[in-house]
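Colleague: Quick one: the structure is below, questions incoming.
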Amino acid sequence: MGDAMPDQRAAITGLRLRTGVGYSFHHPRDWHAAGWQDGRAGELLLPDAGDPATLFAVETIRLPEALTVDDLPVAAEELSAAIAELEEPHLEALETKSAGSLLAISATFTFAEHGTTRRRWVRILVHGTRQLTVTAQGSSPERYAHWAGQLYTTMMSVRVHPGDTPPDPRTLL
């Protein structure tokens, strides 16, 4: 296939802290806030303003009742079924974890959207009746690979906080 291509991954030049009701995370300081067009609670950020299908998103919802560790297998099956309904889905990994009262489901997969293959990583974090759905997506597998380091850093910095107000940033340093 010819000469090997140089590493084309985006570098992180600094991080910014974002807080919302019940969560916080760090993201590269040059990302662009896009906001949800449909009024969802949470965040929508773009690493590249010219590529709105490459994104990092946080959506918060209230559940009617608290989930327990016993609910994880059913919740994972529901996520797997939702992925299977996408166009040309390919589930790469699906796992569940729990740490105390925090439950987590994580899935990485590709799918087609309007004929274009996308790569997505979804983490669903549940604490009591608060569900935080965090999504890292590349507009293509190649774009995902380009932004992978930044998406991973941001995804793994997400923290769930108790209460109905944003956490005090001074306590998160």
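Colleague: Within region 32-64, how many residues turn out to be under 18 Å from LEU125 (Cβ atoms), charged (D, E, K, R) and at pLDDT 95 or above?
Modeller: 1
Colleague: Right, here's the next one. All but one of (1) among the β-branched types (Val, Ile, Thr); (2) within 20 Å of GLY20 (Cβ to Cβ); (3) modelled with pLDDT of 95 or more; (4) exposed (fewer than 13 other Cβ atoms within 10 Å of the Cβ) hold for THR135; which doesn't?
Modeller: Checking THR135 against (1) among the β-branched types (Val, Ile, Thr); (2) within 20 Å of GLY20 (Cβ to Cβ); (3) modelled with pLDDT of 95 or more; (4) exposed (fewer than 13 other Cβ atoms within 10 Å of the Cβ), the one that fails is (4).
Colleague: Name the residue that is nearest to the chain's Cα centre (by Cα), counting only residues in region 112-163 that are aromatic (Phe, Trp, Tyr) and more than 14 Å from LEU79 (Cα to Cα).
Modeller: Among those residues, the one meeting the criterion is TYR152.
Colleague: Out of region 65-88, which residues are under 18 Å from the mean Cα position of the chain (by Cα) and either assigned to a strand (DSSP E or B) or farther than 22 Å from ARG130 by Cβ (or both)?
Modeller: Within region 65-88, SER80, ILE83, LEU86 qualify.
Colleague: Follow-up question, since we're still on this one. It is to be established whether one or more residues within region 108-118 are among the charged types (D, E, K, R) and assigned to a loop (DSSP other than H, G, I, E, B).
Modeller: No, region 108-118 contains no residue that is among the charged types (D, E, K, R) and assigned to a loop (DSSP other than H, G, I, E, B).
Colleague: Okay, next question. Checking GLU92 against (1) surrounded by fewer than 18 Cβ atoms within 10 Å (Cβ to Cβ); (2) in contact (Cβ under 8 Å) with a residue 24 or more places away in the chain, only one condition comes out false. Which one?
Modeller: Against the list (1) surrounded by fewer than 18 Cβ atoms within 10 Å (Cβ to Cβ); (2) in contact (Cβ under 8 Å) with a residue 24 or more places away in the chain, GLU92 comes up short only on (2).
Colleague: A follow-up question, please. Restricting attention to region 49-64, and to residues there that are closer than 15 Å to ARG119 by Cβ and surrounded by fewer than 17 Cβ atoms within 10 Å (Cβ to Cβ), which single residue is nearest to the chain's Cα centre (by Cα)?
Modeller: Per the stated criteria, the residue is ALA53.
Colleague: Another one. Would you mind stating whether ALA11 is in contact (Cβ under 8 Å) with a residue 24 or more places away in the chain, within 15 Å of TRP147 (Cα to Cα) and either of a type in the set (Phe, Trp, Tyr) or not in a strand (DSSP E or B) (or both)?
Modeller: When the stated conditions are applied, ALA11 passes them.
The values are calculated or read from the model by the stated rules, or taken from the named source; none is laboratory data. Every value quoted in this text rests on a predicted model; they were computed, and no experiment measured them. Positions of Cβ are backbone-derived with ideal geometry, glycine not excepted, and every protein chain shown enters the neighbour counts.
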